[in-house]
Amino acid sequence: MKICVYRGTNEIGGNCIEISTNKTRILLDIGTPLSSMNEKNPLETYKNSCCGVYKEDTPTIDAIFISHTHRDHYGLLPIINAKIPVYMSKITHDILTKIEPLLPDDFDVSNLDIHEIDSKQTIKIKDLKITAFAVDHIPGAMAYEITDGKKRIVYTGDFRFHSNQKWKSWALADLANNPDYLIMEGTRLSRTEDIEKYNTENSVYRAITKLLLNSHNIAFASFSSQNLDRLVSFIKASIASNRTLVIDPYTAALMDVFNNVFPTVPTVDMLPNIKIYFGTSESIATKMKKNGLFYKHKNKKITKEEILANPHNFILKHNKKLTDWLLKKGVDNYDFVYSMWHGYLDSQNTWDEYKEHITEIHTSGHADVANLQKFVKRIKPKTIIPVHTECKNDFKEKFNINTLVLNDNEPMKL
Ligand SMILES: [Zn+2]
């Protein structure tokens, strides 16, 4: 087998890894670089140098396997050749086809040949066999094992070991034990600011609850709706603190998608302390109205006037328009829980006006170094290949194992 990493050997994001034999070419992920998130360039700007995969190419890639629904792993899908089959978990499929198209940038993969793959299911692509393994990162995140019958390669995707789903990442070490090559993410070799007081999702939940119980103010919260673990932490904390959690129709639709795959995840209708504020962004509202999703839970409606009447009873998912209206109406004491990666707080000036009120409560989506070391000891690879990292040259020392350090676009025989 051969490997070529088109992007991701020296950066966090933009993952795209080709594994090939003389007969077969597959890609693991096809993401956009993280920097693209703050820019408004056309997708074509971020194409990597892989050939035979884009719309205008004659397709020579036999299949693409997507690890999870973060754009730095799948962002280029809308510009690939639609003849190439794409494999992903059911939840990833549902989010890419039902939720992502609601966002303002008109993301559209409806023309693609998408196939769902379950954890522990094996797919044969010519002379390669690819097996998926669920991991702890976000719902539906998969690692993949690839073999040509002689050698085995394991690709972790993004993963961690500190939510309620951590057993999945440890199971990967046992189910795909002793591979010849382990292509492993190393986000937190450099993002050391994530090594903070909240080491687990449970500690995040407890901290939010404590803040809400000790506060007599209205609380705003900024978190990613697609981060199911975090959403559940806010739901639980609002119940524990006897507050009503106000979300948007988009988050309610996401809960329906999650519930469809994981029935233990509640929908808004199952939770008496959740309300929906319908004054969401116009472009999301228009799209959701078109497909009948917008007012699906209209019985949960709350108005801004109702919130203003008793502000301290609420925790609101931050919506700039609503937050600013309430502040203008005289709600001057407030708490603001910022529950996303610290890097956005520094790089995006949208947070500046709330800064004095912000409490950061967050835990990373990525494994810390200590857990990566434990994982490597347990899965016992012969060689590690670093990706999704700014510290590829530190892997050898950190993991004390044979390490193959690649450059982007550098093919290597395995
Ligand atoms: Zn990710």
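The values are calculated or read from the model by the stated rules, or taken from the named source; none is laboratory data. For clarity, every value in this text was computed on a predicted model and none was experimentally measured. In this analysis, Cβ positions are derived from the backbone assuming ideal geometry, glycine residues included, and neighbour counts consider all displayed protein chains.
Report whether or not Ser89 is touching a helix residue (DSSP H, G or I) at 6+ places or on another chain (Cβ under 7 Å) and hydroxyl-bearing (Ser, Thr, Tyr). Walk me through how you get there before you give the answer.
Values: touching a helix residue (DSSP H, G or I) at 6+ places or on another chain (Cβ under 7 Å): no; hydroxyl-bearing (Ser, Thr, Tyr): yes.
Spelling it out, it is not the case that Ser89 is touching a helix residue (DSSP H, G or I) at 6+ places or on another chain (Cβ under 7 Å) and hydroxyl-bearing (Ser, Thr, Tyr).
Checking the conditions here, which among Thr9, Thr21, Thr60 is at pLDDT 95 or above, more than 29 Å from Leu172 (Cβ to Cβ) and either touching a Lys or Arg at 6+ places or on another chain (Cβ under 8 Å) or among the hydroxyl-bearing types (Ser, Thr, Tyr) (or both)? Break it down into steps so the answer makes sense when it comes.
On the way: Thr9 fails: more than 29 Å from Leu172 (Cβ to Cβ); Thr21 fails: more than 29 Å from Leu172 (Cβ to Cβ).
One residue alone meets the criteria, Thr60.
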Name the single residue that is surrounded by the most Cβ atoms within 10 Å (Cβ to Cβ) among those in the range 42-90 being aromatic (Phe, Trp, Tyr) and closer than 22 Å to Lys23 by Cα. Phe65
All-but-one check, Leu372 against (1) within 16 Å of the ligand (Cβ to nearest atom); (2) at pLDDT below 95, failing number (2)
Of all the residues that make up the range 133-175, how many are away from the ligand (no atom under 16 Å from the Cβ), more than 18 Å from His388 (Cβ to Cβ), of a type outside the set (S, T, N, Q) and not in a helix (DSSP H, G or I)? 5
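More than 22 Å from the chain's Cα centre (by Cα) and either more than 15 Å from the ligand (Cβ to nearest atom) or assigned by TED's automatic domain parsing to the domain that holds Tyr87 (or both), is that true of Leu211? If you could, list the steps in order and put the result at the bottom.
Working: more than 22 Å from the chain's Cα centre (by Cα): yes; either more than 15 Å from the ligand (Cβ to nearest atom) or assigned by TED's automatic domain parsing to the domain that holds Tyr87 (or both): yes.
Taking the combined requirement at face value, the residue satisfies it.
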Is it fair to say Asp118 is at pLDDT 95 or above and out of contact with any Pro (no Cβ under 8 Å at 6 or more places or on another chain)? yes
Scan the range 194-201 and give yes if some residue there is within 15 Å of the ligand (Cβ to nearest atom) and over 25 Å from Met255 (Cβ atoms), otherwise no. yes
Being farther than 30 Å from Lys236 by Cβ and among the aromatic types (Phe, Trp, Tyr), is that true of even one residue in the range 392-401? yes
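Yes or no, residue by residue, for (1) assigned to a loop (DSSP other than H, G, I, E, B); (2) touching a residue at least 40 places away in the same chain (Cβ under 8 Å); (3) in the same structural domain as Ala143 (by TED's automatic domain parsing):
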position	(1), (2), (3)
Thr9	yes, yes, yes
Ser35	no, no, yes
Asn41	yes, no, yes
Cys50	yes, yes, yes
Of all the residues that make up the range 268-289, how many are among the polar types (S, T, N, Q), out of contact with any Ser or Thr (no Cβ under 9 Å at 6 or more places or on another chain) and closer than 19 Å to Ile315 by Cβ? 1
Top-ranked residue in the range 55-80 [being more than 14 Å from the ligand (Cβ to nearest atom) and under 24 Å from the mean Cα position of the chain (by Cα); ranked as nearest to Pro101 (Cα to Cα)]: Pro78
Determine, yes or no, whether Gly31 is closer than 26 Å to Val261 by Cβ, in a loop (DSSP other than H, G, I, E, B), touching a helix residue (DSSP H, G or I) at 6+ places or on another chain (Cβ under 7 Å) and within 16 Å of the ligand (Cβ to nearest atom). yes
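Of all residues in the range 371-391, how many are of a type in the set (A, V, I, L, M) and out of contact with any Phe, Trp or Tyr (no Cβ under 9 Å at 6 or more places or on another chain)? Talk me through it step by step, then tell me what you get.
From the range 371-391, those of a type in the set (A, V, I, L, M) are 372, 376, 379, 384-385, 387; that's our starting set.
Now drop any that are not out of contact with any Phe, Trp or Tyr (no Cβ under 9 Å at 6 or more places or on another chain), which leaves 379.
So the answer is 1.
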Restricting attention to the range 178-198, does a residue exist that is assigned by TED's automatic domain parsing to the domain that holds Thr69, touching a residue at least 60 places away in the same chain (Cβ under 8 Å), of a type in the set (Val, Ile, Thr) and surrounded by 19 or more Cβ atoms within 10 Å (Cβ to Cβ)? yes
Which residues, counting only those in the range 176-210, are over 21 Å from Pro386 (Cα atoms), at pLDDT 95 or above and among the charged types (D, E, K, R)? Arg206, Lys210
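Any chance the range 333-351 includes a residue that's more than 24 Å from the chain's Cα centre (by Cα), of a type in the set (Asp, Glu), at negative phi and loosely packed, with under 15 Cβ neighbours inside 10 Å? Working first, answer last.
Filtering the range 333-351 for residues more than 24 Å from the chain's Cα centre (by Cα) gives 333-335.
Next, from what is left, pick out any that are of a type in the set (Asp, Glu): 335.
Narrowing the set further to residues that are at negative phi leaves 335.
Of the ones still in play, those that are also loosely packed, with under 15 Cβ neighbours inside 10 Å are none.
No, the range 333-351 contains no residue that is more than 24 Å from the chain's Cα centre (by Cα), of a type in the set (Asp, Glu), at negative phi and loosely packed, with under 15 Cβ neighbours inside 10 Å.
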Mind checking which residues of the range 108-132 are in contact with a Lys or Arg (Cβ under 9 Å, 6 or more places away or on another chain) and in a loop (DSSP other than H, G, I, E, B)? Ile117, Asp118, Ser119, Lys126, Asp127
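Restricting attention to the range 104-121, does a residue exist that is hydroxyl-bearing (Ser, Thr, Tyr), surrounded by fewer than 23 Cβ atoms within 10 Å (Cβ to Cβ) and either within 17 Å of Ser20 (Cα to Cα) or not assigned by TED's automatic domain parsing to the domain that holds Ser36 (or both)? Can you show your working first?
Initial filter on the range 104-121 (hydroxyl-bearing (Ser, Thr, Tyr)): 110, 119.
Next, from what is left, pick out any that are surrounded by fewer than 23 Cβ atoms within 10 Å (Cβ to Cβ): 110, 119.
Cutting the leftovers down to either within 17 Å of Ser20 (Cα to Cα) or not assigned by TED's automatic domain parsing to the domain that holds Ser36 (or both) gives us none.
No, that holds for no residue.
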